[in-house]
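The values are calculated or read from the model by the stated rules, or taken from the named source; none is laboratory data. These numbers come from a predicted model, not from an experiment. Quick reminder, even Gly has a Cβ in these numbers, built from the backbone with ideal geometry, and neighbours come from all protein chains shown. We work out accessible area using only protein heavy atoms, side chains counted, and drop any ligands, DNA or RNA first. Shrake-Rupley method; radii C 1.70, N 1.55, O 1.52, S 1.80 Å.
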Amino acid sequence: MTVTEFFGCAFLAFGPPFAMFIFTIAQDPVRVIILIAASFFWLLSLLLSSLLWFAVVPLRQYLIFGLIFSVIFQEVFRYIIYKILRKAENGLKKITDDSATLIDNKHILAYVSGLGFAIISGAFSLVNILADAVGPATMGLKAGNEMFFLTSSATTLCFILLHTFWGVIFFNGFDTKNKLQIGYVLVSHLLASCLTLLNRYHVYSASLIPLYAIVVLTGLYAFKVAGGSYNSFKNCISLK
Amino acid sequence: MDHIKLIIILLYACLSIITGNGDRIKDMMFDGIDSSVPCYRRLNATHQIGCSSKRGGSTGVIHFCETIDDLQFILNSGTAGPYIPVLSTKIFSPDIVHNLSYSDKVSGLIVYTNEPVNFFSHDEKCPNNRFSVDGTCKNNGWNPWGTGLLYVDIPFPLFYVENENDTQKIKECFQTFNNFSFDTQKDRSLCSLELESFMFATTNTPTCQRRSNIVTNMNPVKLCDPLGDYNTWASLFPLVEGSDPNTKPINDFEYIIIAARSDTTSLFDKTTGAENPITSMVTLLSTAKLLKEMVGKWNNKIKKNILFILFTGETYDYIGSQRFLYDMELGLFPVDLPKNNTFLPIIYPENISLFIEISQLSYGKDVYVHYLEDNQKTVATFFNIMNSSTDSLFLHLVPNSLPPSSLHTFIRGNNSIQGMVITNHESEYINHYYNSFYDTSENIQYKYQNGSSIPNDSIQGNIGNIVTVLANSLYEEIIGTKYNGTATANLEMIDELFHCYLEDPSCKVHKAIRKVGMGGNILNLYIGVDIQDNILTDLIALTLAWFTGDLIEESGPNCTNIGKSHVFKYYNMSSNMDDLENKSCYRCTLNHTLAISPAFVIPDYDWSSNKYSSWSESAWRTIGVRIFLKPSPAHERSTIAIGSMIMVLAFVLTYFIKSRSNVLFPPEVFNDPPVNC
């Protein structure tokens, strides 16, 4: 029955990261390893967040408390993997085939670890929902409406893209000691996460539209940080 | 020590985490209809009957039908099938089931109660006809309201929803999502039901038994189980003389059997069975109690004994009585011992002089005594004794007539046994709800009096009269003289027994026989499968033991069977149901015999011979009804379209960016400062 819905939602949320993985990660084993390592660090942050939520009993029912600390933990662990990657650069140079691109272009490592964060966070936020979408039913009997699965997938996709962009901006911020970039990542992460709190009122457009605005903004910022510009974009199009 | 403490603390921490239960999205999507009871699949030697869902459950859109026209409407012009119609018992009929069987627009059926119906019986017009004496079912049959639906193979799942709140829940969901603009139904989300009652067994019992016994792996799957339970019996006088452990069998008894059935059935997994069989059971138990009070202790002048037997599985082609007679003819009753052993007398059919079966009874002074042949002197004599010992009842003798009863089995046996059936009907059942869940206390007009005085013109009073007549006549039959004591039926006990079986299993009688904590649900009188114990059988057995047992001493730890000859059973029970704490030790003659059809016992039994009952019940894993919202096909299509489009777009875009990344992100040109040489 709603196996169709299951595949629709899975394609929507995980199609883009899958494409990115196929075209940009899969050809280099070192990138795959770094992707997995980054995912592991995101999981550690999730573990810490959940422990904190579990320990602070009186604040358990307040979603916002867990949310803010979860964002802080994620960014702390992003910093930790940044530090580790920068330390490991010399070692990586020895094992990778094309050290030139991987190490010289610092944004690649940033992009790979960002995508690692993105994929695992996307998986964790959507898998439970997808598992329930396989059955014959849809939302709307007791609460919500039938757009629930579609909007959940769209939100997940949104966070997958954001995590990738944040990785690029954040790493560059520390490389160039640019406080604005680090601050932007923190603030936009908090803002995007808090927007999802609106979902409990079942007005999905209220969270989705601002979220995608943030995605576009962050995407452009990351594009600029990674060395892109309007001119390079024009060149890219015109070279066709 | 510190390490151990730490480990313990960690363990506790882990345990406390494990006990956490997450909320699932599923909980928001499904809503269980917990009070639903299914219809099962059963099999005999040639057919399968009952219902089954698809594997994993059948789903369909709810259609709440107030009238037959509502049902016809979706059959003719429903657009969003398959549907699951929800019908009241008032309009539910075999014709509807028959029509729906041929419709691909229906994937299941729900039945609920909203108002009383005049008749509701899904047994056949001639119940158990294939295993009865030929020609005993005439004209309209014994059960003229019977539809026979119980014996139909229904190709879709069928559930009965007991609770009114659940019915309301289904109705509200139907009103909110389904009950408007039927033409566009298929374009929107619809309230639907999932009925899960997948039955493993198919075709017939021999097939299913063969498939269950295929040794293909170490863990064979059981597809069906024979219907089975235990017959309960007790004798008025012990079958032995002397006291434990120096007992000697009494071999020259002539036996009278007082029998009743203790099971009923229903199309759904819910039975009530007030008139059939509870009235018979209560009459039998009360007769046993009264007779025990009348006769006192045995002396060697008494040459007649009485066996009180409750047969189970009688609804399904006389399983209990068939097995009982089979055991008896082989010399296996009461135990599998040689004929002249030193423990117990072996009882054969020829030792039985009279068989009296108590069938359905009800409120009303007319009592009919059915028997089959004209020249049965014993029956006629006993009837005369009965007739002479009553002025409160109108006894009618009905010759050449025998309603469905265990007696059929004994008449069809090797030695035809003389017998009679005592009932409330002459040629057809008074009971309009034979073998259905409408056979409730209202059907027999029973009201619990709870200790206050019981009017003589109530069902309790009427049963009391019958019990008194029966006990007096039996006394005269076995002792040889008229009873001149004052003992009469204990109406308060009859009242309590009805209360136990119809309303509250945690009643005083069950507390007195030391079975407590039964909960409030009335007991299911369906025989069940052989591998599962039936609580009711134990309860009736202990009650019969209490009524026929001898009080031998103060209760105590010695009141057990340990170290004794197993001729008797010993139980600690209250001496009186109004004084539960005052316990005594009872020595009882009670025992069980297995009630599984001989067909499952005889090696290489020929199933086509149709000699014995062959009913088995299919195995299943999950049973349940859930309500949920089915997404519209349009919504499903748009979801997959959006998903696929985004994915394809992402692939194209990523490939494009990747292939032109050197242009898009030009490498940084380092403006090295001039080198100082």
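A few points about this structure:
- Selection count, the range B:571-600, where residues are of a type in the set (D, E, K, R) and in contact (Cβ under 8 Å) with a residue 12 or more places away in the chain: 3
A quick yes/no check of all residues on (1) surrounded by 16 or more Cβ atoms within 10 Å (Cβ to Cβ); (2) facing chain A (nearest Cβ under 9 Å); (3) part of a helix (DSSP H, G or I):
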| residue | (1), (2), (3) |
| --- | --- |
| B:Glu617 | yes, no, no |
| B:Ile623 | yes, no, no |
| B:Phe628 | yes, yes, no |
| B:Ala634 | no, no, yes |
| B:Ile640 | yes, yes, yes |
| B:Met645 | no, yes, yes |
| B:Ala650 | yes, yes, yes |
| B:Phe656 | no, yes, yes |
| B:Asn662 | no, no, yes |
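- Single unsatisfied condition, B:Phe547 versus (1) crowded, with 21+ Cβ neighbours inside 10 Å; (2) closer than 30 Å to A:Ala19 by Cα: (2)
- Number of the condition not met by A:Leu12 [criteria: (1) facing chain B (nearest Cβ under 9 Å); (2) open to solvent by 40 Å² or more (accessible area, probe 1.4 Å); (3) not polar (S, T, N, Q)]: (2)
- Enumeration of residues in the range B:512-548 that are assigned to a helix (DSSP H, G or I), of a type outside the set (A, V, I, L, M) and modelled with pLDDT of 90 or more: B:Thr543, B:Trp546, B:Phe547, B:Thr548
- Filter pass, A:Phe117 being at pLDDT 85 or above and open to solvent by 60 Å² or more (accessible area, probe 1.4 Å): no
- Taken as a whole, the structure leaves B:Ser353 outside the set of residues that are touching a residue at least 60 places away in the same chain (Cβ under 8 Å) and open to solvent by less than 20 Å² (accessible area, probe 1.4 Å).
- Selection of the range B:463-495 for residues being of a type in the set (Gly, Ala, Ser) and crowded, with 19+ Cβ neighbours inside 10 Å yields B:Gly464, B:Ala471, B:Ser473, B:Ala489.
- Test: residue in the range B:523-539 that is of a type outside the set (Asp, Glu), farther than 22 Å from B:Trp233 by Cα and open to solvent by 40 Å² or more (accessible area, probe 1.4 Å): no
- In the range A:144-164, residue most open to solvent (accessible area, probe 1.4 Å) [restricted to those that are more than 8 Å from chain B (Cβ to nearest Cβ) and part of a loop (DSSP other than H, G, I, E, B)]: A:Met147
- Some residue of the range A:56-75 being within 14 Å of chain B (Cβ to nearest Cβ) and among the hydroxyl-bearing types (Ser, Thr, Tyr): no
- Taking the listed residues A:Leu141, A:Leu126, the one that is at pLDDT below 90, within 13 Å of chain B (Cβ to nearest Cβ), closer than 21 Å to A:Arg200 by Cβ and touching a Cys at 6+ places or on another chain (Cβ under 8 Å) is A:Leu141, with no other qualifying.
To keep it simple, each residue is scored yes or no on (1) open to solvent by 80 Å² or more (accessible area, probe 1.4 Å); (2) modelled with pLDDT of 60 or more; (3) not in a helix (DSSP H, G or I).
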{"site": "B:Lys5", "(1), (2), (3)": "yes, yes, no"}
{"site": "B:Ile17", "(1), (2), (3)": "yes, no, no"}
{"site": "B:Asp27", "(1), (2), (3)": "yes, yes, no"}
{"site": "B:Asp31", "(1), (2), (3)": "no, yes, yes"}
{"site": "B:Asp34", "(1), (2), (3)": "yes, yes, yes"}
{"site": "B:Ala45", "(1), (2), (3)": "no, yes, yes"}
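- So A:Ile72, is it loosely packed, with under 14 Cβ neighbours inside 10 Å and not in a loop (DSSP other than H, G, I, E, B): no
- Selection of the range A:180-215 for residues being under 22 Å from A:Gly228 (Cβ atoms) and open to solvent by 40 Å² or more (accessible area, probe 1.4 Å) yields A:Leu180, A:Tyr184, A:Tyr212, A:Ala213.
- Enumerated helices (runs of 4 or more DSSP H) restricted to the range B:68-185, each holding at least 3 residues that are within 14 Å of another protein chain (Cβ to nearest Cβ) and touching a residue at least 40 places away in the same chain (Cβ under 8 Å): B:164-173
- Within the range B:366-402, tally of residues that are outside any helix (DSSP H, G or I) and hydrophobic (A, V, I, L, M, F, W, C): 9
- Top-ranked residue in the range B:165-201 [being among the β-branched types (Val, Ile, Thr) and open to solvent by 50 Å² or more (accessible area, probe 1.4 Å); ranked as farthest from B:Ser88 (Cα to Cα)]: B:Thr184
- Just one residue in the set B:Ser609, B:Ser644, B:Ser584 is of a type in the set (Ser, Thr, Tyr), out of contact with any helix residue (DSSP H, G or I) (no Cβ under 6 Å at 6 or more places or on another chain) and over 30 Å from B:Gly528 (Cα atoms); that residue is B:Ser584.
- Qualifying positions in the range A:216-229 - away from chain B (no Cβ under 13 Å) and surrounded by 17 or more Cβ atoms within 10 Å (Cβ to Cβ): A:Thr218, A:Tyr221
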